[in-house]
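A.B. asks: Pasting a structure here, questions to come.
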Amino acid sequence: MRIFKEEQRFTQLWIIVVLVMSSIVPLVLSIRAYNNNEMSLKEVIISASSIILLSFLFIFVFKLTTKIDEKGVHYKFSPMHFSFKLIKWNEMEKVYTRKYDALSEYGGWGCKGGIFWKKENGVAYNVSGDEGLQIITKEGKKILIGTQQINKVNQCINHYYKTKETND
């Protein structure tokens, strides 16, 4: 039995750089308030570190988990989804891997698309990169799930989807 599992998080260097750079503003404002005797040193340290910590926690709490098994494709984009979503093999019209452009097709990374961006492309759950698992359901729903392990995903869908086709 083949089972594919993958977990992805936002750990790209450019995200960390942006977070560090954006943390400078609250730090400078807190130091200014301290210099103007509007805040105590303790308040400055607490407020600045809280803002920095919350911004880092906010981005690093997001996690995309994908599992492919005999039932179908399971995915969860935490903290948006509290439990796994399952798309069963018999609910799929098409399933394949492809390259995509996160910015132009879906408006970026994360949980994107749908009613907010080029509705005809469907929804994308992605963390980084430009490769993903494209699923089109029999109802016409389009879901793209990003992956960093395209070859393993291909092996799994070739095994299970082709098996499903021969059993239909």
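A.B. asks: Length gain on complete extension for the stretch HIS159 to LEU54, per 0.36 nm per residue less the alpha carbon to alpha carbon distance? Please report the intermediate quantities before stating the final value.
C.D. replies: On the way: separation 105, 0.36 × 105 = 37.80 nm, distance 4.27 nm.
The span from HIS159 to LEU54 would gain 33.5 nm if fully extended.
A.B. asks: Which of the helices in the chain meet the span-like rule: DSSP H, Cα axial reach of 15 Å or more, Kyte-Doolittle mean at least 0.5? Please report the intermediate quantities before stating the final value.
C.D. replies: Working: long enough: 13-35 (33 Å, 1.90); 41-60 (28 Å, 2.08); 150-167 (25 Å, -1.34).
Length and hydropathy pass: 13-35, 41-60.
A.B. asks: Then there's this: To the nearest 500 deg cm²/dmol, what mean residue ellipticity at 222 nm is calculated for the chain from DSSP H runs of n ≥ 4 alone, each contributing -39,500 (n - 2.57), summed and divided by the residues?
C.D. replies: Rounded to the nearest 500, it is -12500 deg cm²/dmol.
A.B. asks: Grab the beta carbon distance between VAL20 and LEU103, set R0 = 22 Å, and tell me the FRET efficiency rounded to 0.05. The partial results should precede the final answer.
C.D. replies: Numbers: r = 22 Å, r/R0 = 1.02.
FRET efficiency, VAL20 to LEU103: 0.45.
A.B. asks: Taking the number of other C-beta atoms within 10 Å as the exposure measure, put CYS156, CYS111 in order starting with the fewest. The partial results should precede the final answer.
C.D. replies: Numbers: CYS156 20, CYS111 16.
Ascending number of Cβ neighbours within 10 Å: CYS111, CYS156.
A.B. asks: Could you tell me which of the pairs LYS63/LYS138; LYS67/LYS94; LYS42/LYS63; LYS85/LYS152; LYS63/LYS94; LYS119/LYS152 are separated by over 23 angstrom between their Cα atoms in the structure shown?
C.D. replies: Going by Cα-Cα distance, LYS63/LYS138; LYS42/LYS63; LYS63/LYS94; LYS119/LYS152 fall outside the 23 Å limit.
A.B. asks: Turning to a different aspect of this structure: Which of ARG9, ARG32 has the fewest other C-beta atoms within 10 Å, and how do the rest follow up to the most?
C.D. replies: If I rank by nearby Cβ atoms, fewest first, I get ARG32, ARG9.
Every number in this text was worked out from the coordinates using simple rules, so none of it is lab data. As the structure is a computational prediction, the values presented were derived from the model and not from experiment. Every residue, glycine among them, receives a Cβ derived from its backbone with ideal geometry; neighbour counts consider all protein chains shown.
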